[in-house]
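Take a look at the structure set out below.
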Amino acid sequence: MMRPAMRLWPHPILSLFLTLFWLILADSWTFGSLVMGGFLGLAIPLLTAPWWPDKPRLKRPALLIPYIGIVLYDVVISSLHVARVILFLRPEEIRSTYVAVETSLTSPEAIALLAGTITMTPGTLTADLSADGKVLLIHALHAPDPQALRDDIHSRYEARLKRIFA
Amino acid sequence: MILGYALSFAIGCFGLALLLNLLRLFTIKNLVDRVLVVDTMAVNVAALVILAAAQSGSALSFEAAVLIAMTGFVSTMAFCKYLLRGSIIE
Amino acid sequence: MSLAATIIEIIAAALLVAGGLFAVIGSLGLLRLKQSMQRLHAPTKATTLGIGSALVAVAVHIWLNEDRLALRELAVALFFFLTAPLSALFLSKAHLFRSEDAAKLPPTGTKAGWATLSEDNPAEPSHPQDRKA
């Protein structure tokens, strides 16, 4: 049985984040905006509660910061890679392929984060998941060597995510 | 000073990107690709509005950019949901 | 104007130029690439980075000219970076669902098939937690 505070305020961090986002978007740091933002921060998690079955469990949240840094760096590399393919390769030279990559992550949040990361990083895009959520279907824009791609995803992103999520 | 020229250059680039998108929109038949092109156009228009607002110093246009960005994303998701399931809200 | 301000201005100008070029490359990719799945790569990566760097530059521009922190612009950049993978995933699911590519997909290696093509076609992968709820 959940305590009343838990039922009224199921996701405290999400609520704080929503309130902060409202203040930033409204760009007015007044008491009135804080009340409006606080109301939205309380109401939105309650209204969307059925889609948040349980809380994401972060084992070591501090490791998210270097992870975000790595992903941001990879986004730049990724765009340069796409730019090179678009500008300098003839269409018939591009070797696109589908690759199935199995993941040992179990938490839905971690899998979602991995899928998003793969989309934003060089040469790859998450196209679909298997129905049980254990395998990711990845489309590679120009990958002569699919096995290297698989190893890269496992060592560079999945291992780090496993350390962040319990 | 140099920032002003860079701003004009970026506005030109996003405008060119928008024109290329428009060209693609008229030359493609595939439905999913059209949704992708319209999604890209929404992103480019939002960028264009924010850059134009920065150049003219107007603060009001920002809300317009946010609205374009959000409706662009939501309509893309709704269209994909419709193509996948035949309905948007179940 | 101080040296530091000049350097910051040059960096912001470079970001703006790079952002504009990436936006053009993203749209050019839509025109040049031949397959639908290849076309999906161009806007999700190049255009997103283009608008991201342009918005950071605009934030710096506002900080230099009006002396206020442009958190709103950075929040919008964050919004684009978070939504781009989601749009791409759903567009590719819609593409797989409608095209003949399905026969060419590699096997999943497990009992379950690909989510988009399974019998009951769940929009999200089912997890034990979801079934409980």
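Any read-out appearing in this document is the output of simple, stated calculations on the displayed coordinates, not a laboratory observation. Predicted model only: the values in this text are computed from it and were never measured. Cβ: placed from backbone, ideal geometry, glycine included. Neighbour counts: every protein chain shown.
Beyond a 19 Å Cα-Cα separation, which of these cross-linked pairs lie in this structure: B:Lys81/C:Lys93; A:Lys162/C:Lys45; B:Lys29/C:Lys45; C:Lys34/C:Lys104; A:Lys134/C:Lys45? Over 19 Å apart, Cα to Cα: A:Lys162/C:Lys45; B:Lys29/C:Lys45; A:Lys134/C:Lys45. The residue list A:Ile86, A:Phe165, A:Ala100 was ranked by how far each Cα lies along the charge dipole of chain A toward its positive end, using unit charges on Cβ atoms, and A:Phe165 comes out on top.
For a quick check, take a GNM of chain C with Cα springs below 10 Å and name the residue from C:Ala75, C:Ala88, C:Ala115 with the largest mean-square fluctuation. Looking only at C:Ala75, C:Ala88, C:Ala115, the biggest GNM fluctuation is shown by C:Ala115. Taking the Cα centre of the protein assembly as shown as origin and assigning +1 to Lys and Arg Cβ atoms and -1 to Asp and Glu Cβ atoms, the resulting dipole is close to 580 debye. Computed over chain C with a Gaussian network model linking Cα atoms closer than 10 Å, the most mobile of C:Leu55, C:Leu117, C:Leu28 is C:Leu117.
Sites listed here are trypsin sites (Lys or Arg not before Pro) in the stretch B:23-90 whose DSSP assignment is loop and whose Cβ has at most 14 other Cβ atoms within 10 Å: B:Lys29.
Averaging the sequence gap over all C-alpha pairs within less than 8 Å and six or more residues apart, then dividing by the number of residues, gives chain C a relative contact order of 19 percent. If you run the Gaussian network model on chain A, springs between alpha carbon atoms under 10 Å, then out of A:Gly69, A:Gly37, A:Gly116 the most flexible one is A:Gly37. For the protein assembly as shown, taking Cα atoms only, Rg and Dmax work out to 21.3, 66 Å respectively.
What percent does the relative contact order of chain A come to when contacts are Cα pairs within less than 8 Å and at least six residues apart? Rounded, it is 23 percent for chain A.
For the stretch C:50-60, putting each phi into the Karplus relation 6.51 cos²θ - 1.76 cosθ + 1.60 with θ = phi - 60° gives couplings of x, 5, x, 6, 5, 5, 4, 5, 5, 4, 5 Hz, in residue order, rounded to whole numbers and with x for Gly and Pro.
Listed values for the stretch A:125-137 are Karplus-derived 3J(HN,Hα) couplings in whole Hz (6.51 cos²θ - 1.76 cosθ + 1.60, θ = phi - 60°), namely 8, 6, 9, 6, 10, 6, 4, 8, x, 9, 10, 9, 8, and x replaces Gly and Pro.
Restriction of the chymotrypsin sites (Phe, Trp or Tyr not before Pro) in the stretch B:1-55 to DSSP coil positions whose beta-carbon has at most 12 other beta-carbons within 10 angstrom yields no sites. Per residue of A:63-75, other chain Cβ atoms within 10 Å of the residue Cβ number 1 on average.
Computed from backbone phi, the HN-Hα couplings of the stretch A:101-111 come to 10, 7, 10, 9, 5, 10, 6, x, 5, 5, 5 Hz, rounded to whole numbers (Karplus: 6.51 cos²θ - 1.76 cosθ + 1.60, θ = phi - 60°; Gly and Pro given as x).
In square nanometres, what is the average projected area of the Cα convex hull of the stretch B:2-85?
5.7 nm²
In this structure the amide hydrogen of A:Arg95, modeled in the peptide plane, comes within under 5 Å of the amide hydrogens of A:Ala143, none closer than 5 places in sequence on its chain.
Summarising the amide proton neighbourhood of A:Ala127: residues at separation of 5 or more, or on other chains, whose placed amide H is nearer than 5 Å comprise A:Leu137, A:Ile138, A:His139.
Distance from the alpha carbon centroid of the stretch B:61-90 to that of the stretch C:12-77 works out to 20 angstrom. The separation of the stretch B:1-56 from the stretch C:90-111, counted between C-alpha centres, amounts to 31 Å. Each Lys and Arg Cβ is given +1 and each Asp and Glu Cβ -1; about its Cα centre, the stretch A:61-164 then shows a dipole of about 220 debye. Only DSSP H runs of four or more residues enter the estimate; each adds -39500 (n - 2.57), and after division by the residues of chain B the mean residue ellipticity at 222 nm equals -30500 deg cm²/dmol. Magnitude of the charge dipole for chain B, about its Cα centre and with charges confined to Cβ atoms of Lys, Arg (+1) and Asp, Glu (-1), is about 260 debye.
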